[in-house]
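> Sharing a structure below in structure tokens format, with a few things to ask.
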Amino acid sequence: MDTNDISILAIESSCDETSASIILNGKVLNNIVATQSVHEKYGGVVPELASRAHQENIIPVVHEALESSGIRKNDLSAIAFTRGPGLMGALLVGVSFAKSMAYALKIPLIEINHMQAHVLAHFIEDPKPNFPFICLTVSGGHTQLVLVKDYLDMQVIGETRDDAVGEAFDKTAKLLGLPYPGGPLIDKYAQSGNPKAFEFPITRMPELDYSFSGIKTAVLYFLRDQLQQNPTFIEENLNDLCASIQHSLIEMLLIKLKVAVKQYGVKDVAIAGGVSANSGLRNALTDLATKRGWNIFIPKFEYCTDNAAMIAMAAHYKYLKGDFSSMDVTPLAKMKI
Ligand code: KG4
Ligand code: ZN
């Protein structure tokens, strides 16, 4: 290690993934992720169980990140952590751990906004988008259209007024009897289904905003009516149901994305967050990009879902600006970009 080297340990604990990553001079060296399986049987993330699992996982995960990077903790330049948005109890584990470690090592602390970090996941590897670009961030907790002017200069230009799109995937999957998280399963079954088999509503909100709660109710009543006539309706039509639900969700996402790209005159378009792993969305976006001459950017799967590598990337840019946090910093369940 050189004295000019910048090495940062980053910690992510906002939801149900405990993750640690080391970044050296802007290059991510690793991304250790412990996914909590304890929530599967409850059909959603149970906040109290998430906090306890973070407490169990955080030391082994940080230890592994340090070990595999070959960087000694005494050589670290800073410790970064997710300050919000997220589950309060889950965030607290990461914040407290990061603070203690920074205090013990006498190095700066860097707070990171989880939603900014999802966007900055695009700078972990090549190819990287050019500023300004639009990023559609789609996860279990958020659906945002973000105008990205610079690494740390972003503006939310549209967002959901109720459920996130990942939530719509997970909740409709639950209605179909699929386990949590249902998004990847809808994706899987949709690949063998007909997206036009059933029609679910496309909710149109003003300007660049979204609403995903209507489709959940529509699917609920549709299934109730069909099951009254045929108790095995879901089993017999699972692929078509998944393909049709996914089709409506993707349509809603892309309608606003098209408006946003035109309105702001950008050429580079990115997607981020857990739902950007969806193959239907990736294919639809690729087709759209070809038709409209957009350059599209889709992160590698491990950087789409929650991970500390994206926190590390954001931390590197904040370190370069000398943007450090005080030791009194507290987590924020809600946090604006
Ligand atoms: O970004 P993420 O890991 O966590 C949050 O910050 O929320 O996103 C998790 C969400 C879940 O709703 C999950 O069902 C969804 O991403 N997801 C998918 C796929 N993979 C993950 N949704 C649809 N298709 C997928 N392939
Ligand atoms: Zn996330």
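> Can you pull out every residue in the range 158-212 that is among the acidic types (Asp, Glu) and within 16 Å of ligand 2 (Cβ to nearest atom)?
159, 163, 167, 170
> Being hydrophobic (A, V, I, L, M, F, W, C) and without any contact (Cβ under 8 Å) to a residue 12 or more places away in the chain is true for just one of 46, 33, 38. Which residue is that?
46
> Does residue 107 meet the test of being assigned by TED's automatic domain parsing to the domain that holds residue 23, in a loop (DSSP other than H, G, I, E, B) and either more than 16 Å from ligand 2 (Cβ to nearest atom) or touching a Lys or Arg at 6+ places or on another chain (Cβ under 9 Å) (or both)?
Yes; evaluated as a whole, the condition is true for this residue.
> List the number of the failed condition for residue 48; all other conditions in (1) buried (at least 19 other Cβ atoms within 10 Å of the Cβ); (2) farther than 30 Å from residue 269 by Cβ hold.
Of (1) buried (at least 19 other Cβ atoms within 10 Å of the Cβ); (2) farther than 30 Å from residue 269 by Cβ, only one is false for residue 48: (1).
> Applying the selection to the range 124-150, what residues are farther than 24 Å from residue 251 by Cα and among the polar types (S, T, N, Q)?
130
> May I pose another question? Report yes if some residue within the range 199-210 is polar (S, T, N, Q) and either free of Cβ contacts under 8 Å to residues at least 24 places away in the same chain or under 19 Å from residue 285 (Cα atoms) (or both); otherwise report no.
no
> Let me ask something additional. I'd like to verify a number: residues in the range 149-182 that are closer than 14 Å to residue 205 by Cβ and of a type outside the set (A, V, I, L, M), how many?
6
> Additional query: Go over the candidates 207, 199 one by one and state the one that is assigned by TED's automatic domain parsing to the domain that holds residue 142, at positive phi and open to solvent by 60 Å² or more (accessible area, probe 1.4 Å).
Result of the check over 207, 199: 207.
> Something else now. Do we find that residue 295 is open to solvent by less than 50 Å² (accessible area, probe 1.4 Å) and among the polar types (S, T, N, Q) in this structure?
Against the criterion (open to solvent by less than 50 Å² (accessible area, probe 1.4 Å) and among the polar types (S, T, N, Q)), residue 295 does not qualify.
> A further question follows. For the range 149-187, enumerate the residues that are without any contact (Cβ under 8 Å) to a residue 12 or more places away in the chain and open to solvent by 40 Å² or more (accessible area, probe 1.4 Å).
153
The values are calculated or read from the model by the stated rules, or taken from the named source; none is laboratory data. Not measured: the values here are computed from a predicted model. Cβ sites come from the backbone with ideal geometry, for glycine too, and all protein chains shown count toward neighbours. Each accessible area value is taken on the protein alone, full model and side chains, heavy atoms only, with ligands, DNA and RNA left out. Shrake-Rupley method; radii C 1.70, N 1.55, O 1.52, S 1.80 Å.
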